[in-house]
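Novice: A single structure is presented below for examination.
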Amino acid sequence: MQIDEEFKLLQKGVSKVVDLCAAPGSWSQYLSRKLRAAESESDVKIVAVDLQAMAPIDGVIQLQGDITKESTATEIVSHFSGDKADIVVCDGAPDVTGLHDMDEYIQAQLVLAALNITTHVLRHGGKFVCFRGKDITLLYSQLKIFFKEVVVSKPRSSRNSSVEAFVVCLEYSPPEGYIPNMSNPLLDHHYDLDFNQLEGVNRVVVPFIACGDLSAYDSDKTYGLQ
Amino acid sequence: MSQYKAICSVQRVTAALLVELAADLSHQYLLLGTGSEVCLYSTESGKWSFECKSDVLHGRVVHGFRKGNGDIIAVFGQKSVTILKLSIEDTKQIKVEVPLIEFPDWILDLVWFSDSSRYAFVTAHNILCIACAFTGSVLEIHRSSINCILYSAKLLYSCNKKVIKSAADVYVAAGTVFNDVIIWNRAQCAESSTPSILHILKGHKGVIFDINIEYDSQLVSSVSDDRTVHIWHYDFPVNGARTWCDAKFQLLSVCHGHTSRVWAAVILDHKTVISIGEDANILVWNVDGSTRKKIKAHKRKNIWCMAVSNNYLVTCGGDMSVKSWELSQLLHAEDSSESIVREQINAVEVKDFPRTVCITGSSCFMMTDQGCLLARHLAQGSKLCVLLTDDRFRGYTVMSSTWAASDKALIALGSAGGVLRLILVSHDLVVEAVNDLDMCTGKVMSVTWLFDANPLSSPLLLVTDTNGEMTLHEIALGASTLSVSLMGRYHLPKSKQRFVTAACLAYGDDLLYLVCADMVGSLHLYVSEERITETTSLATLPTCSLSKTHGKGGLTDIHFFSNYIHTVGRDGFYNKWSIIDSQLVNCSQFKTSKQFDWIAKLIPEGDGNTKLVVFHNTEVLLYDLLAEQVVLRLDCGGGHRSWAFSQAEGCHYFAYIKDKTTNLASKAATLPCTRLVGEHHSGKITDCRMFSMRGRDFLVTSADDGHVIVCEIVNAAFSHVSHEREAVLKTRCSTLVHISNTKCLTLTPSLAGNDDVLVFSGGGRAQLLVSVLTCDADGEVTGAVKSSMNVTKGVSMFRRQSKDDNSEDADVRIMAITSHPLRHYTHLISAACSDGTIKFILYDEGTQLLHLITDFIYEHTHCLLTLDCVPVSSDLTLLISGATDGRIILIDFTQILNSISGNLSKMTTRKKVSNSKSSSNFTLIQPFMQISVHQSGVNAVSAQCYTENTLTICSGGDDNCVAVSSVDLQTKEVTSLKHNHQHSAQITGIQSLTADTFVSVSIDQRLHMWSRPSPSDDKEWGVESSKFVSVADVSTLCCYRDLLVVGGEGLVMFRRSHM
Ligand SMILES: C[S@@+](CC[C@H](N)C(=O)[O-])C[C@H]1O[C@@H](n2cnc3c(N)ncnc32)[C@H](O)[C@@H]1O
């Protein structure tokens, strides 16, 4: 919600949103409240997707499924056949496999799956926001193909070294002549083939912008119980 | 230019395989994958030896091994595969047969074609590929019709022949995110272009982590996030073909027993499945889903992976250790009674006989009727020794023993004439010290050691006299002395049998309490006292007394842990109590599922598990509460007046006195396992330091698991001859335990004029711990905790032990720590805390006491993350701290030092000030200056003064930025240079090396060496070289001479060499 203010995500005119990995639904709720207050009810469309079932939320279309699965992606896209979405948000947190590198990989695949869905449903100039962008540096080059601006951010007062960083992609503008494809060849998993002299996964440095107010509650600080 | 080379590491094992090699069938071989390395071990009859290792995946992580023909091994990890040949002729060697090949997708499983010319692998996108073994070129690609991300997959043979000649012979069992196991193959629909799904196994309620098959018994296992193992049976129609297409799957059983995620399972034969998981347990199952055995095989959390052969099970734990278990013993259904060893021990004199018995460590102590104290080791056939004989202890003695530092036993004896005798006995049963005290006029009614006091602190003894007066004593151990000081005096209410049977210290309402039970089963609660000196002071009365808490039979044992008081009794009940407003409040009461009638003892084991010693009919049982099973059963003919139970050196011992002799029964406690790789931290490493002591080099690490571990660095000294030699870390001691996690540590030489080194460590619960490391000529290091303090309250934490982590977040954490030697054996410790304060604490090596100095207070609005202390000039020393708001704060430390030095003696002798804020004469410290360079938290700072009046501060932040700030100390002018483009994630470690070089490390797993052409050239800082760090979640960096250690989930040590 802090990033909403910083990046003016839900400014006037925003009415159609896809909320990926939405359970238990706190973001969906926030979206629903904010959009339905600002826009006429008939314009607002919120599609929320998760593996887990969610409690119903007013004005939110809920789908249950794996966002990396082609059939789920197709279903989401079908809701946006005519009018495209203004924003896609994804808060996917994969189950931990215990293998650090595998966790990182699956996290990246979730983001890629979300990006793939995004290319089908997002209007030109739209935004894509990924929470939990700790490992996003792996995907920067992919994101840059589709968006004019990509930044990593973190609430200024956030906990040290936690995963609360998120990625904000502004101004969707796919390459000329790009036709979204469900089995996503363009987005396929070739993202780190260019190994340099250094061993290990090749990471890209993404601009960092802290957001939020310094005077905000410091989640790291231990406050007395006054 | 200098370069760093990795010389050793401590990392978890991510893959294991037991193999037999055609070239040598007399040994079993084991391959382990740690990081990008493969290690080879061999065994002959159970003794394992390390053979060799090799880095084969270069910066990737080994995920699996698959054996092909002719001792060829395919190693896969992430997206790459390499083929190795194990050569074991003269020298054992791992040879690379086909160098590393990088494929486009993440590999989950691999199988060899029958002739080893090709292999098939399945990827995380549910794609099956066939590749040429020699060139690695991909020959075929088959996509499943279900296009999704997999968490696991296993490649299967066709069900009637274990032969693979083409892709059509390979079947994929895929573990999905949406709880299904999907079996598919490309051949079934050769005509249509999409491969078909043959089976969907539905039943799990979470992501699938592992799938396995056993063809003979037609069983498939799957394990999941849902904490279960599912066992599936497949069969074929009576007259149908035996193909996967026609097979019918049936869910045979669902195995519930793991308390957390299950990582893997294997099917051993027609009736056994073994699984491992996050709860660090090995579970042995019958295929009907019933548990045959449950073994807590590793410390704390996780068994990451396992390997099985006909003889062994190898498990690799979250505690970094690797253990090998004999399969035959593991599969044994119930422990048989044959393994019980029984012995009888008689008194030395014919007419004499033992009256009481107790066990501590690996020794058993007996007091005889004639006043003779006997001792012997528990091991079968050990020699009996007479420790002391004294007429005063004839006919009547109360006895109790406890563990004292370095494997010694401390025995308390109480006589009929009021004498209390304390005896310190060494491990080899030599009396090292004796102290006799006149306690009371009448009989000493009971002596009780308080076990729940911090085991590292001095032992505490509670003595009851005939008048119901209880006295609490602290026993300080010297080299050959035992000094006793009175800690408190308590009044035990009148009752028919007025003496204590069980007692413990408990913590509640922010106060320390003494809880004790008398012979008739009443429970009493007392507010504990500060150390008292006047012997005339009045005895404390209980704030709460409850009678008959465990029925008529009475209460048998009390312990305090996890914030509750736990009691058990002869009514078979287990009660939990908490302290609210100085009253005991019952929180739960239950009987075990087995309905025992007499619970005699409660053994808290940490990790949330508890065992009970129970008398049931004619047997004594050891019952595991968590596993809900009897782990030991001994026939002893019923309950006994004097008995003792212990678990020592892999054995359970039970001693009891019957018919005037001591009966000692013993039985192997746990399954014998061999440790191939020893334990290290079982949590994230948070800080590390290196030092030398008596010519040896050591590494000290602290971690989330609350431990501080000291390892010797062997062979790491730089030498031109042994240029290539790697280092070995030998764990020397790991006894220093924090009650919560440990965040930081600092080392300093002792001022006592010996070679000892002091360790100050800080962590959760505002705990500061002082320990001393001593090294003997053989390099054996002993660590002894000397003092412990809650730095927010300024009170000793030794007896305020509670292992509960619930309230941790509300608590203050010490985030970073430095120390400064003063005179008079005194050190000044600065501790940067999560509440934004820096606390100053004095430690006196002579008295071993910590004093919180409340005269100085530094308070920042945000949590402090890091701290460094820099002598700038002869009259200025600065403390430099980084905070979560991106600020670097400089504090004039000299001022503080000066005023403390002047008042040193006054300060250390002053009475404790209970509330710092209200004391009038404190100074609020103003920062010398503040620098804002980072957008968010400053995780690391390192500062040096290389030229006069200019301070260079290197800092690394949560904003991925490395900053170098030059501070003109005269004008307080700052020039900061920010480097945003070298690290792609948070910087968590930084260290200034020389005026022209520093190193930084980040959780992007990069170690950067920075340099500039000349100190005057502020703008020219650049990364000179970089190194990949195989440790995930890097959190700390330290340099010492030419060594550099990076810690996180494991650690890597580098050595610098100049080129
Ligand atoms: C942190 S929660 C999301 C919280 C949510 N945004 C909110 O505001 O309440 C992460 C979610 O990711 C979902 N998830 C993980 N993998 C997924 C996948 N492959 N497809 C769909 N959802 C997935 C999980 O089920 C989980 O509910």
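The values are calculated or read from the model by the stated rules, or taken from the named source; none is laboratory data. This structure is a prediction, so every number in the text was calculated from the model and none was measured. Quick reminder, even Gly has a Cβ in these numbers, built from the backbone with ideal geometry, and neighbours come from all protein chains shown. Calculation scope for accessible area: heavy atoms of the full protein, side chains included, ligands and nucleic acids excluded. Shrake-Rupley method; radii C 1.70, N 1.55, O 1.52, S 1.80 Å.
Novice: Could you check region A:47-61 and list, in sequence order, the residues that are within 12 Å of the ligand (Cβ to nearest atom) and either touching a residue at least 60 places away in the same chain (Cβ under 8 Å) or not hydrophobic (A, V, I, L, M, F, W, C) (or both)?
Specialist: Those that are within 12 Å of the ligand (Cβ to nearest atom) and either touching a residue at least 60 places away in the same chain (Cβ under 8 Å) or not hydrophobic (A, V, I, L, M, F, W, C) (or both): A:50, A:52.
Novice: For region A:36-61, which residues satisfy the criterion of being in a strand (DSSP E or B) and more than 14 Å from chain B (Cβ to nearest Cβ)?
Specialist: Answer for region A:36-61, where residues must be in a strand (DSSP E or B) and more than 14 Å from chain B (Cβ to nearest Cβ): A:45, A:46, A:47, A:48, A:60, A:61.
Novice: So, in region B:59-75, exactly how many residues are assigned to a loop (DSSP other than H, G, I, E, B) and either within 11 Å of another protein chain (Cβ to nearest Cβ) or β-branched (Val, Ile, Thr) (or both)?
Specialist: Residues of region B:59-75 that are assigned to a loop (DSSP other than H, G, I, E, B), as a first pass: B:59-63, B:68-71.
Subsequent filtering for residues that are either within 11 Å of another protein chain (Cβ to nearest Cβ) or β-branched (Val, Ile, Thr) (or both) retains B:59-63.
Number satisfying all stated conditions: 5.
Novice: Of all strands (runs of 3 or more DSSP E) completely enclosed by region B:149-258, which ones contain at least 2 residues that are of a type in the set (S, T, N, Q), open to solvent by less than 60 Å² (accessible area, probe 1.4 Å) and touching a residue at least 24 places away in the same chain (Cβ under 8 Å)? Give the derivation first.
Specialist: Working: elements: B:150-156, B:171-176, B:181-185, B:196-201, B:208-214, B:219-224, B:228-235, B:248-256.
Output list reads B:219-224.
Novice: What about residue B:134, is it farther than 21 Å from residue B:247 by Cβ, within 43 Å of the chain's Cα centre (by Cα) and of a type in the set (A, V, I, L, M, F, W, C)? Please lay out each step first, then the result.
Specialist: Numbers: farther than 21 Å from residue B:247 by Cβ: yes; within 43 Å of the chain's Cα centre (by Cα): no; of a type in the set (A, V, I, L, M, F, W, C): yes.
When the stated conditions are applied, residue B:134 does not pass them.
Novice: Go through region B:975-995 residue by residue and tally those that are away from chain A (no Cβ under 14 Å), crowded, with 18+ Cβ neighbours inside 10 Å and farther than 14 Å from residue B:941 by Cα.
Specialist: 0
Novice: Please enumerate the residues belonging to region B:93-131 that are loosely packed, with under 15 Cβ neighbours inside 10 Å and assigned to a strand (DSSP E or B).
Specialist: B:95, B:96, B:99, B:102
Novice: For residues that are over 15 Å from residue B:887 (Cα atoms) and at pLDDT below 90, scanning just region B:945-959, find the one that is most open to solvent (accessible area, probe 1.4 Å).
Specialist: Applying the filter and picking the extreme gives B:948.
Novice: Ok, one more. Looking at region A:62-74, I want the residues that are within 8 Å of another protein chain (Cβ to nearest Cβ) and closer than 15 Å to residue A:180 by Cβ and have a partner that is assigned to a loop (DSSP other than H, G, I, E, B) and near the ligand (Cβ under 10 Å from one of its atoms) with Cβ atoms under 8 Å, at least 6 apart or on another chain. Which pairs are those?
Specialist: Hits for this filter: A:70/B:148.
Novice: In region B:747-765, what count of residues is obtained for those that are in contact with a Lys or Arg (Cβ under 7 Å, 6 or more places away or on another chain) and either open to solvent by less than 30 Å² (accessible area, probe 1.4 Å) or more than 14 Å from residue B:693 (Cβ to Cβ) (or both)?
Specialist: Of the residues in that region, 3 qualify.
Novice: Checking residue A:72 against (1) touching a Gly at 6+ places or on another chain (Cβ under 7 Å); (2) away from the ligand (no atom under 14 Å from the Cβ), which test does it fail?
Specialist: Status for residue A:72: all satisfied but (2).
Novice: Return the residues of region A:102-132 that are within 14 Å of the ligand (Cβ to nearest atom) and under 12 Å from residue A:17 (Cβ atoms); say none if nothing qualifies.
Specialist: The answer is A:129, and nothing else.
Novice: Another question, if that's okay. Would you check if residue A:99 is touching a helix residue (DSSP H, G or I) at 6+ places or on another chain (Cβ under 8 Å), away from the ligand (no atom under 12 Å from the Cβ) and either open to solvent by 30 Å² or more (accessible area, probe 1.4 Å) or hydrophobic (A, V, I, L, M, F, W, C) (or both)?
Specialist: When the stated conditions are applied, residue A:99 does not pass them.
Novice: Kindly state which helices (runs of 4 or more DSSP H) lie completely within region A:69-154 and contain at least 2 residues that are modelled with pLDDT of 85 or more and small (Gly, Ala, Ser).
Specialist: So the answer is A:70-78, A:100-121.
Novice: Checking the conditions here, which among B:408, B:299, B:323, B:351 is under 23 Å from residue B:484 (Cβ atoms) and among the basic types (Lys, Arg)?
Specialist: Working: B:299 fails: under 23 Å from residue B:484 (Cβ atoms); B:323 fails: under 23 Å from residue B:484 (Cβ atoms); B:351 fails: under 23 Å from residue B:484 (Cβ atoms).
None of the other options fit; the residue is B:408.
Novice: Which condition number does residue B:939 fail, the rest of (1) away from chain A (no Cβ under 14 Å); (2) surrounded by 22 or more Cβ atoms within 10 Å (Cβ to Cβ) being met?
Specialist: Among (1) away from chain A (no Cβ under 14 Å); (2) surrounded by 22 or more Cβ atoms within 10 Å (Cβ to Cβ), residue B:939 violates only (1).
Novice: Something else: Residues of region A:4-46 being of a type in the set (Asp, Glu) and within 16 Å of the ligand (Cβ to nearest atom), which ones?
Specialist: A:4, A:19, listed by residue number.
Novice: One residue is enough: does region B:324-334 have a residue meeting the conditions in a strand (DSSP E or B) and modelled with pLDDT of 90 or more?
Specialist: To start, the set of residues in region B:324-334 that are in a strand (DSSP E or B) comprises B:324-326.
Those still in the list that are modelled with pLDDT of 90 or more too: B:324-325.
The answer is yes; a qualifying residue exists.
Novice: Something else about it: Please count how many residues of region B:383-419 are under 33 Å from the mean Cα position of the chain (by Cα) and farther than 20 Å from residue B:642 by Cβ. I'd like the intermediate steps shown before the answer.
Specialist: Here is the first cut: in region B:383-419, the residues under 33 Å from the mean Cα position of the chain (by Cα) are B:400-412.
Those still in the list that are farther than 20 Å from residue B:642 by Cβ too: B:404-408.
Number of matching residues: 5.
Novice: Taking region B:573-622, which residues are surrounded by 15 or more Cβ atoms within 10 Å (Cβ to Cβ), touching a residue at least 40 places away in the same chain (Cβ under 8 Å) and part of a loop (DSSP other than H, G, I, E, B)?
Specialist: B:582
Novice: Let me confirm something: among B:429, B:420, which residue is outside any loop (DSSP other than H, G, I, E, B) and either over 30 Å from residue B:563 (Cα atoms) or touching a residue at least 60 places away in the same chain (Cβ under 8 Å) (or both)?
Specialist: One residue alone meets the criteria, B:420.
Novice: Now for a separate question. Looking only at residues that are assigned to a strand (DSSP E or B) and polar (S, T, N, Q) in region B:942-973, which one is nearest to the other protein chains (Cβ to nearest Cβ)?
Specialist: B:955
Novice: Additional query: Just to be sure before I move on: is residue B:301 over 26 Å from the mean Cα position of the chain (by Cα) and of a type in the set (Lys, Arg) in the structure I sent?
Specialist: Here the answer is no, as residue B:301 does not meet what is asked.
Novice: Filter region A:75-96 down to residues that are within 14 Å of the ligand (Cβ to nearest atom) and not aliphatic (A, V, I, L, M) and give me whichever is most open to solvent (accessible area, probe 1.4 Å).
Specialist: Here the residue is A:75.
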